[in-house]
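What follows is a short report on a single structure.
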Amino acid sequence: MAFEKSLDLMRLAEMAAARHKGVSLVEVSAEFGVNMRTAQRMIRGLEAAFPSIEFSTDRDRRRWWKLNDTKFLRMEGIRDSELAALDMSIRRAQREVATKDAAALISLRDRLLATMPSSHARRAEVDAGAMLEAQGYACRPGPRVQVEPKILGAIAVAIKAPFCLTIAYQGASDDAAMDRMVEPYGMLLGTRQYLIARDLGNGRDFRRFRLDRITKAEITGQSFARDPDFDLDAYAAQSFGSYHSDAEYQPVVWRFAPSAAAAAREFIFHPNQAVTDEPDGALRVAFTASGWVEMAWHLYKWGDKVEVIAPAELRELVRGHQRGDVGVLP
């Protein structure tokens, strides 16, 4: 109940800041479905939480409360439910062929995300995507490995808490599953999904555990202090996809033919990529990562429209597999 009241107070502060005149008792009563006495208590709470709030009285002797200092509110960012609602509005406008409305909403969405720290923006987009998927407005086509829902649920709770996990992990297909105690830090999602966790029984190193090889996951109830220096985005950026190999981690350079440059420019192949336009219209993409097999899988889609400049090992891996009759670019 106290948590819900806190959310109501934040919503009330947003109203007082966003509206030109501020907010009145009548509007508070209508917005929150409360009587006037409760509305008065909420206004007193607003005044206690935001001492800088100002009030004015109009000619009908109605009082309005206005919040001008919005620094604290700007720290809120965008809620996943708000971003999901905006995405659904964009889809409705596109379905109704309201081109100008759809363009304006997309511009607003991009501008809102641009004001957020990159990590918060990515999280908001992921959460909004999950909400759209749950509501039947989005789906994830393509093959993916099945994972036991109970295991996913236990991992999600443990990451948020955070709690240590006991997992039964099968390192290879013919190995017996072994129990491990881990500190979960995050997940990598893709064709195969990975748990990123610190292995307490193996030097406390961060490791990637394939979720399809976790046969059991139990929350221990033992909390742990997260390493403040760990950055999931930076950790994931070591790889092109989900797989990582220290031996393969090195600079990668691809050159897309002029006929494929426009399509390639639409992709973010890696979060730290550097893109260069060449005089003949080709596009050069450079980044540092590992995972040559996953890179080869992706490069196959581009047929003979892409050339691997580096590393030599990846160039040899794709040699002979670049077809000229694919016909359709990714």
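The values are calculated or read from the model by the stated rules, or taken from the named source; none is laboratory data. Everything quoted here is computed from the prediction, not taken from an experiment. Here Cβ is always computed from backbone atoms with ideal geometry, including for glycine, and neighbour counts include all displayed protein chains.
List pairs: first residue in segment 50-66 and in the same structural domain as residue 28 (by TED's automatic domain parsing), second residue of a type in the set (Asp, Glu) and assigned to a strand (DSSP E or B) anywhere in the structure, Cβ distance under 8 angstrom, at least six positions apart or on different chains.
Listed by first residue and then by second, the contacts come to 65/54; 66/54.
Inside segment 173-234, counting only strands (runs of 3 or more DSSP E) that do not spill past its ends, which hold 2 or more residues that are in contact (Cβ under 8 Å) with a residue 60 or more places away in the chain and in contact with a helix residue (DSSP H, G or I) (Cβ under 6 Å, 6 or more places away or on another chain)?
Details: elements: 178-188, 194-199, 206-210, 214-223.
Once the strands (runs of 3 or more DSSP E) in segment 173-234 are filtered for at least 2 residues that are in contact (Cβ under 8 Å) with a residue 60 or more places away in the chain and in contact with a helix residue (DSSP H, G or I) (Cβ under 6 Å, 6 or more places away or on another chain), what remains is 214-223.
Of 289, 261, which residue is of a type outside the set (D, E, K, R) and over 21 Å from residue 189 (Cβ atoms)? Let's see the steps before the verdict.
On the way: 289 fails: over 21 Å from residue 189 (Cβ atoms).
Of the residues listed, the single one that is of a type outside the set (D, E, K, R) and over 21 Å from residue 189 (Cβ atoms) is 261.
Which condition from (1) within 20 Å of residue 286 (Cβ to Cβ); (2) crowded, with 16+ Cβ neighbours inside 10 Å; (3) polar (S, T, N, Q) is the one that residue 242 breaks?
Condition not satisfied by residue 242: (1).
Could you check segment 246-263 and list, in sequence order, the residues that are touching a helix residue (DSSP H, G or I) at 6+ places or on another chain (Cβ under 8 Å), crowded, with 18+ Cβ neighbours inside 10 Å and free of Cβ contacts under 8 Å to residues at least 60 places away in the same chain?
Within segment 246-263, the subset touching a helix residue (DSSP H, G or I) at 6+ places or on another chain (Cβ under 8 Å) is 248, 252, 254, 256-257, 259-260.
This time we only want the ones that are crowded, with 18+ Cβ neighbours inside 10 Å, so: 248, 252, 254, 256, 260.
Result: 254, 256.
Can you pull out the residues in segment 18-51 that are among the polar types (S, T, N, Q) and surrounded by 11 or more Cβ atoms within 10 Å (Cβ to Cβ)? Walk me through how you get there before you give the answer.
Restricting attention to segment 18-51, the residues satisfying the condition of being among the polar types (S, T, N, Q) are 24, 29, 35, 38, 40.
Across segment 18-51, the qualifying residues are 24, 29, 38, 40.
Being under 25 Å from residue 270 (Cβ atoms), aromatic (Phe, Trp, Tyr) and touching a residue at least 12 places away in the same chain (Cβ under 8 Å) narrows it down to one of 243, 169, so name that one.
Details: 169 fails: under 25 Å from residue 270 (Cβ atoms).
Testing whether each residue is under 25 Å from residue 270 (Cβ atoms), aromatic (Phe, Trp, Tyr) and touching a residue at least 12 places away in the same chain (Cβ under 8 Å) leaves just 243.
Does any residue in segment 274-285 that is assigned by TED's automatic domain parsing to the domain that holds residue 308 come within less than 9 Å, Cβ to Cβ, of a residue that is of a type in the set (Asp, Glu) six or more places away or on a different chain, and which pairs are these?
282/307; 283/277; 284/277; 284/278
Restricting to segment 264-276, and then to whatever is touching a strand residue (DSSP E or B) at 6+ places or on another chain (Cβ under 9 Å) and among the hydrophobic types (A, V, I, L, M, F, W, C), can you tell me which residue is surrounded by the most Cβ atoms within 10 Å (Cβ to Cβ)? Before you say what the answer is, go through the steps one by one.
Taking segment 264-276 first, the residues touching a strand residue (DSSP E or B) at 6+ places or on another chain (Cβ under 9 Å) are 264-265, 267, 269-276.
Okay, now just the ones that are also among the hydrophobic types (A, V, I, L, M, F, W, C), so 264, 267, 269, 274-275.
On the way: 264: 22, 267: 13, 269: 17, 274: 11, 275: 16.
Among residues in segment 264-276 that are touching a strand residue (DSSP E or B) at 6+ places or on another chain (Cβ under 9 Å) and among the hydrophobic types (A, V, I, L, M, F, W, C), the one surrounded by the most Cβ atoms within 10 Å (Cβ to Cβ) is 264.
Please find, within segment 1-51, the residue that is modelled with the lowest pLDDT out of those that are farther than 10 Å from residue 65 by Cβ and hydroxyl-bearing (Ser, Thr, Tyr).
The extreme case among them is 6.
When segment 277-326 is examined, which residues are found to be of a type in the set (A, V, I, L, M), in a loop (DSSP other than H, G, I, E, B) and surrounded by 17 or more Cβ atoms within 10 Å (Cβ to Cβ)?
282, the sole residue that qualifies.
Report every pair of residues separated by at least 6 positions or lying on different chains whose Cβ atoms are under 6 Å apart, first residue within segment 90-111 and at pLDDT 80 or above, second among the hydroxyl-bearing types (Ser, Thr, Tyr).
105/89
In the list 172, 177, 225, which residue meets the criterion of being exposed (fewer than 13 other Cβ atoms within 10 Å of the Cβ), in the same structural domain as residue 159 (by TED's automatic domain parsing) and at pLDDT below 90? Before the answer, list the steps.
Values: 177 fails: exposed (fewer than 13 other Cβ atoms within 10 Å of the Cβ); 225 fails: at pLDDT below 90.
So the residue among 172, 177, 225 that is exposed (fewer than 13 other Cβ atoms within 10 Å of the Cβ), in the same structural domain as residue 159 (by TED's automatic domain parsing) and at pLDDT below 90 is 172.
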